[in-house]
Amino acid sequence: MSADDGMRVLDSEFAGLAEWLTAPRLGECVMCFTSRMLAENECDWTLRWALRWQEARAPRATALRRRLADHGAYCDCEIFTNGWRMTLTPSVGTLASDTPLDGNECRGVRPGSTQPCARWEPRRRPAW
Ligand SMILES: [Zn+2]
Ligand SMILES: [Zn+2]
């Protein structure tokens, strides 16, 4: 094994860590994932995180980009400034279990669903 091989192993371990840190959690919806990533990363004026979520969680849901654009979201931060907002109060009586709600946790979506979870509601379209 050469020193070169050693570097390659190290490189792939770093790549694996970065992959893990920026991967959607199991059942995490596109909105929660994107807002979590934006909390730690500047928006780069693309739908980087939303599309990363889509590739990882719903590879066939290619209409996601268009649906976001329909809500005025052409980059990750616009999803939240133009498209959806976090619901302030958890809706009472919609959950079968009485697990206490953690406001910071994704409520979860079924696999492959590009719908936001119950934490998010669409903003009203501005009336021009
Ligand atoms: Zn942005
Ligand atoms: Zn969510």
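Every number here is computed from the coordinates shown, using simple stated rules; none is lab data. These numbers come from a predicted model, not from an experiment. Ideal geometry is used to build each Cβ from the backbone, glycine not excepted, and the neighbour counts take in all protein chains shown.
Computed quantities for the displayed model
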| quantity | calculated |
| --- | --- |
| Ordering of 27-35, 110-118 by packing [mean C-beta count within 10 Å, highest first] | 27-35, 110-118 |
| Under-5 Å amide H pairs with T87, H placed in peptide plane, nonlocal only | W120, E121 |
| Estimated vicinal HN-Hα couplings, Hz - the range 107-112 in sequence order (Karplus 6.51, -1.76, 1.60; Gly, Pro = x) | 6, x, 10, 6, x, x |
| Near-label residues of the range 21-62 by backbone N, under 14 Å of a point 7 Å along Cα→Cβ of D70 | 62 |
